Amino acid sequence: MDRFSQESDKFSSFLEGPGQEKKRFEIYHFLLNHLTEEQKFQLSVKLCVETLHSVPDGAIDIGVKNGSAVVSDTLHILSSNV
């Protein structure tokens, strides 16, 4: 595993789980504040197609903690007024 992968794994595990929601939401809001309206629209489409569409297909299992967290975060981003 290269150094970038190791650092990426550390960062993602740092933000994992329900106890880290607030940190993730702060990052999401920061990023959303720096997107143009067109980029926000493109992000919304991508989240719907790649994340929400994956639930009924079975690619994301909402019966497990990580699956439900991904869907929850996606819905949070989509419902954001930023």
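Worth pointing out:
- Identity of the residue in the range 52-73, loosely packed, with under 15 Cβ neighbours inside 10 Å and among the small types (Gly, Ala, Ser), that ends up farthest from Arg24 (Cα to Cα): Gly58
- Selected residue (only one of Val64, Val70 is within 11 Å of the chain's Cα centre (by Cα), modelled with pLDDT under 95 and β-branched (Val, Ile, Thr)): Val70
- All positions within the range 51-78 that are without any contact (Cβ under 8 Å) to a residue 12 or more places away in the chain, over 21 Å from Leu15 (Cα atoms) and part of a helix (DSSP H, G or I): Ser54, Pro56, Asp57
- Checked against (1) without any contact (Cβ under 8 Å) to a residue 24 or more places away in the chain; (2) assigned to a helix (DSSP H, G or I), Asn81 passes all but condition (2).
- Hey, Glu38 more than 24 Å from Gly17 (Cβ to Cβ) and either in a helix (DSSP H, G or I) or in contact with a Gly (Cβ under 9 Å, 6 or more places away or on another chain) (or both) or not: yes
The values are calculated or read from the model by the stated rules, or taken from the named source; none is laboratory data. Keep in mind it's a predicted model, so treat the numbers as computed, not measured. Here the Cβ is made from the backbone with ideal geometry for all residues, glycine too, and neighbour counts use every protein chain on show.
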